[in-house]
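The next block holds one structure in the form of structure tokens; read it before the comments.
No lab work stands behind these numbers, since they all come straight from the coordinates. Model, not experiment: these values are computed from the prediction. A quick note on method: Cβ atoms are made from the backbone with ideal geometry, for glycine too, and the neighbour counts reach across all protein chains shown.
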Amino acid sequence: MEFVQRIGHTSLSFIDTLGHMAIFFGKGFVRGISPPFQFSKIVNQIYFIGSKSLLIIFLVGLFTGMVLGLQGYYTLVKFGSEGLLGAAVALSLIRELGPALTAIMVIGRAGSSMAAEIGIMRISEQIDALETMDIDPIRFLFSPRLIASLICFPVLTAFFDVVGIIGGYITGVILLGINRGIYFYRIESAVELQDVTGGFIKALVFGLLVAIICCYQGFYLHRRPGGFGAKGVSMATTSSVVISCVVVLVADYVLTSFLL
């Protein structure tokens, strides 16, 4: 019976958390698209989430494309189909690896920072001070980050895809000697609009999930069992990264099953 009680308690806690997150998202989204608009805060978050992530996106995208080019070449050459390397690299990046790896990189660089920053504001009672001054903390803290994530994730994914295709070109054409025209012709003939659209849909969903999870973990830090101060911030930051990565991969599978 104790085992059944634990399962029931865990299930109810999970459902309760999902409900809190849904309400948290609803409030943040509505207040983010309703006046007064916070353009300056949104621009600051776009700079933090997007511009400051470009370097890591470029590096990971380049070497992901190069690895795909290398592995794809030695796989396709066994079947005499090395001319399809461009299509294999482009479709792998645009459909799957681009949105997923971009999200994971942004989680590690910006998502953890969002959770830690808001969590520190919670333990230092800055959020309570905002409420005392009749300033909506969700509008002030969460909404700009949510809108900025919805803008930045598709753009960063596009950069990742382009740089990854260039990385595949470096490996396949420059290093391994595949014809340049064949490489780009296969990309043009294989990639369709629905592939690009599906990648951007995934990026939007991932941006939404990452912003909700990371901000929620920091904002409701005081509700976590087992620590409120520095320990609570570290636990919230760790949880935000781990949960976001797992949710992104699960959502990637679910979206792929619908988009294919």
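Using the Cα centre as the reference, give the magnitude of the dipole from point charges on the C-beta atoms of the chain (Lys, Arg: +1; Asp, Glu: -1; all else neutral), rounded to the nearest 20 debye. If you can, show how the numbers build up before the last one.
Details: 17 positive and 15 negative charges, 47 e Å.
So the magnitude is around 220 debye.
Using a cut-off of 12 Å between beta-carbons, work out the net charge of the residues near ARG139 (Lys and Arg +1, Asp and Glu -1, ARG139 not included).
Residues near ARG139 contribute +1 overall.
Calculate, in nm to one decimal, what LEU260 and ILE182 gain on full extension: separation in residues at 0.36 nm each, minus their alpha carbon distance.
25.5 nm
So between LYS52 and GLU131, what do we pick up on full extension, going 0.36 nm a residue minus the alpha carbon distance? Present the calculation step by step, with values, prior to reporting the outcome.
Details: separation 79, 0.36 × 79 = 28.44 nm, distance 3.05 nm.
Extra length available between LYS52 and GLU131 comes to 25.4 nm.
Find the centroid of the Cα atoms in the range 1-18 and in the range 68-128, then give the distance between the two in whole Å.
33 Å
In the chain, which helices (entire DSSP H runs) extend 20 Å or more along their own long axis, judged by Cα positions, while averaging at least 0.0 on the Kyte-Doolittle scale?
Details: long enough: 2-32 (44 Å, 0.40); 54-76 (32 Å, 1.84); 143-169 (40 Å, 1.50); 193-219 (39 Å, 1.49); 230-259 (42 Å, 1.56).
In the chain, the long hydrophobic H runs are 2-32, 54-76, 143-169, 193-219, 230-259.
Considering only C-alpha atoms, what is the centroid distance from the range 143-184 to the range 188-260, in Å?
21 Å
Suppose a student asked you for the relative contact order of the range 102-260, using Cα pairs under 8 Å spaced at least 6 residues apart; what percent would you report?
44 percent
Total Lys pairs in the chain closer than 24 Å by alpha-carbon, pairs eight or more apart in sequence or interchain only?
4
Counting helices only, and only those DSSP H runs with n ≥ 4, report the 222 nm mean residue ellipticity of the chain as the sum of -39,500 (n - 2.57) divided by its residues, in deg cm²/dmol to the nearest 500.
-25500 deg cm²/dmol
Once Cα Rg over 2.2 N^0.38 Å is worked out from the coordinates, which option in (1) 1.21; (2) 1.17; (3) 0.94 does it equal?
For Cα Rg over 2.2 N^0.38 Å, the calculated option is (2).
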